[in-house]
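The values are calculated or read from the model by the stated rules, or taken from the named source; none is laboratory data. Computed from a predicted model, the values in this text were never measured in an experiment. When we count neighbours, we look across all protein chains shown, and the Cβ atoms used for this are built from the backbone with ideal geometry, even at glycine. SASA here: full protein model, heavy atoms, side chains in, ligands and nucleic acids out. Shrake-Rupley method; radii C 1.70, N 1.55, O 1.52, S 1.80 Å.
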Amino acid sequence: MKHALKVVLILMIGFSCTSINAFAAPSTSADQAILMEAESGRILYENNSHQEQKIASITKIMTAHLAIQHGDLDELVKISPDASVTEGSSLYLKAGQKVSLLDLVYGLLLRSGNDSAVAIAEHVSGSVDDFAKLMNKEAKRIGMKNTHFTNPHGLDLDNEHYSSAFDMALLTQEAIKDKTFAEIFGTTSHRATSLAPSPTWSNKHRLVTGMYPHATGGKTGFTRLAGRTLVTTAKRDDMSLIVVTIRASSDWNDHMNLFEYGFSHYKNEQILHPDILPPFPGQSENEFYTLTEPFSYPLTSEEKSKLTIEGKIPFNRNTPPIVYVKLDEEIIHKQELVREVRSGGFTLWNRIVDKLKFWQDE
């Protein structure tokens, strides 16, 4: 029986050996808390993060996400009587008014307008019930396994509207991939030009408006049954983090402490670079395999020495080779290699040969 050629790439990328002053993850005031690195999705800290909980107005992250994905932000939305009388936090919209969808999304995220949430739901899906179905469909697509939505605002109208800190971090990770969402999410104030007399709305999120200098966006939430809920994103250097807390009495401090823990203890390291690999043993000098996608991952200084890259190049050339990145024995990333045949020989060998070591299974 033929054996696959096993290739083990020993990482020698010149990581700094400077130690980081590590400290234990801080405790929080929250029933649920999570700290996620936004690009890789790695969980850097969590506490009870998968339990189903009422989530209040952080629900509106999904509402805004769907409005941007499914709506025309320049379109005018006619405010219905039902939207205009929605209880709780409000933009004080009046029935019959026409407001741009863009302004409604700003009012939703900055001022947490429940009337805006209903107006968006009715505009995108025709009714609140149908919009809730769209919310649940999107939640399933994203992988939110402990979530069910029944409304676009998060008011405690029933016991069937819930999520978890982990699921809300997944949602935020997905939503901020869209540049429009990310921009609105991090806006400190907005002038609503489609309304008369063009009110200016300030963001309720204190970390975004100056309390924490690295904050890039966020959404507040509160109801009597849900307690204080909070989502915040932050970026320092080249690492972006997401914090979600649910039922937290000291959430501003919780978020700042978790961010400082993440930024101090982890660094985002680029592990795979788009590159042409040198010929493997027994391979034609004109045949190459290419890494096409970069891969970065947050690591502590202690974890860098535990990182390896492995790949198997099958004899059956119809089967694409796969490179695996491992932290200890856990696979944290895998990527197919692309085979290329070209003349002229390999020109990048001298540049990356010190990163690689090969051997063949017997």
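With a 1.4 Å probe rolled over the protein heavy atoms of all chains, the accessible area of Asp129, Asp72, Asp254 falls in the order Asp129, Asp72, Asp254, largest first. Placing +1 on each Lys and Arg Cβ and -1 on each Asp and Glu Cβ, with no other charges, gives the chain a dipole about its Cα centre of roughly 300 debye. Using the Cβ-Cβ distance between Ser29 and Asp237 with R0 = 35 Å, the FRET efficiency computed as 1/(1 + (r/R0)^6) comes to roughly 0.80. Computed about the Cα centre, the dipole magnitude for segment 28-157 is approximately 100 debye when only Lys and Arg (+1) and Asp and Glu (-1) carry charge, each at its Cβ. Label separation (Asn136 vs Ser189): 4.2 nm, computed from points 7 Å beyond Cα along the C-beta direction.
Report the one residue of Gly71, Ile58, Gly88 whose Cα lies farthest in the direction of the positive end of the charge dipole of segment 35-102 (charges on C-beta: Lys and Arg +1, Asp and Glu -1; origin at the Cα centre). With unit charges placed on the Cβ atoms, the residue in question is Gly88.
With 29 Å as the limit, the listed pairs Lys235/Lys312; Lys133/Lys177; Lys54/Lys133; Lys78/Lys137; Lys145/Lys219 have Lys235/Lys312 beyond it between alpha carbons.
A dipole drawn for the chain from +1 and -1 charges on Cβ atoms has a positive end, and of Asn136, Ser301, Thr180 the residue lying farthest that way is Thr180. Output the direction-averaged projected area (hull surface divided by four) of the convex hull of the alpha-carbon atoms of the chain, in nm². It is 22.0 nm². A Förster radius of 56 Å, combined with the Cβ-Cβ distance separating Thr180 from Phe315, puts the computed FRET efficiency at roughly 0.70. Average accessible surface for the chain: 47 Å² per residue, computed with a 1.4 Å probe over protein heavy atoms with every protein chain in place. Under 13 Å from a label point 7 Å along Cα→Cβ of Tyr92: give me every residue in segment 180-196 with its amide N that close. Of the residues in segment 180-196, 196 have backbone N under 13 Å from the label point off Tyr92.
Treating each Cα of segment 132-253 as one equal point scatterer and applying the Debye formula with no solvent, the log10 of I(q)/I(0) at q = 0.11, 0.22 Å⁻¹ comes out as -0.42, -1.39. Taken along its principal axes, the alpha carbon cloud of segment 181-285 reaches lengths of 72, 36, 26 Å, longest axis first.
Output the 0 to 90 degree angle, nearest 10, between the alpha-carbon long axis of helix 101-110 and the longest principal axis computed from the alpha carbons of the chain. Compared with the principal axis, the helix lies near 90 degrees.
Computed over segment 166-207, the range of Cα coordinates on each principal axis works out to 40, 22, 13 Å, biggest value leading.
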